[in-house]
Amino acid sequence: MKLVMAVVQDQDSNRLSQALIEENLRATKLASTGSFLKAGNTTFLIGVEDFQVNRVLEIIKENCQSREQLAAPVSPVGGNANSYIPNPVEVKVGGATVFVLPIEQFHHF
Ligand code: 2BA
């Protein structure tokens, strides 16, 4: 058994949930925050049998788009905050960041 852990953008979260439900795959959604953009994203925990992992990865790929987002750079340490004018930079976020972990035991009481 494996745990697929996928960090996706909030905009893709409902579409991905729906696609997983349609294929009878169970998932838990956690509200999360990216450390770099400090913006909300959604982390899916999806417990599946080994043979289902590739299908789950396909579903994630099909339902999560990459997008350009603006990130405000952190002000320089020790710099003069008054003279610092942040210049937002564009970063490409997602589709999805996915980890596949082995599960030692699974219990459902
Ligand atoms: P954030 O940490 O908010 O990162 C958002 C996007 O900013 C990243 O997109 C990447 O394009 C850029 N970025 C992140 N750190 C950077 C840095 N030090 N320098 C320059 N650009 C940087 P993604 O790579 O698609 O990541 C989307 C979200 O997935 C991340 O949001 C974070 O919540 C999660 N994530 C990504 N890699 C991870 C990892 N190795 N472990 C845990 N979570 C991760």
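The values are calculated or read from the model by the stated rules, or taken from the named source; none is laboratory data. Note that the coordinates shown come from a computational prediction; the quantities given were computed from them, not determined experimentally. In this analysis, Cβ positions are derived from the backbone assuming ideal geometry, glycine residues included, and neighbour counts consider all displayed protein chains. Ligands, DNA and RNA are excluded from the accessible area calculation, which covers all protein heavy atoms including side chains. Shrake-Rupley method; radii C 1.70, N 1.55, O 1.52, S 1.80 Å.
Relative to the longest principal axis of the C-alpha atoms of the chain, give the angle of the C-alpha long axis of helix 10-22, reported between 0 and 90° and rounded to the nearest 10°. Taking the Cα atoms of the chain, the angle to 10-22 is about 0 degrees.
Positive end of the dipole of the chain, charges at C-beta (+1 Lys, Arg; -1 Asp, Glu), about the Cα centre: which of C64, P86, L30 has its Cα farthest in that direction? Going by the Cα projections, it comes out as P86. The fraction of all Cα pairs in the chain landing in successive 5 Å bins from 0 to the largest distance is 2, 11, 20, 19, 14, 11, 8, 6, 5, 3, 2, 0, given as whole percents. Full extension of the chain between H107 and V89 yields a length gain of 2.0 nm, computed as 0.36 nm times the residue separation minus the alpha carbon distance. Can you give the relative contact order of the chain as a percent, counting alpha carbon pairs under 8 Å and 6+ residues apart? The value is 37 percent.
Under 22 Å of direct C-alpha separation, and excluding same-chain neighbours fewer than eight residues apart, K61 reaches these lysines: K2, K29, K92. Restricting the calculation to Cα atoms, the range 1-40 yields a radius of gyration followed by a Dmax of 11.6, 33 Å. Per-residue surface analysis assigns D10 an accessible area of about 80 Å², computed on protein heavy atoms at 1.4 Å probe radius.
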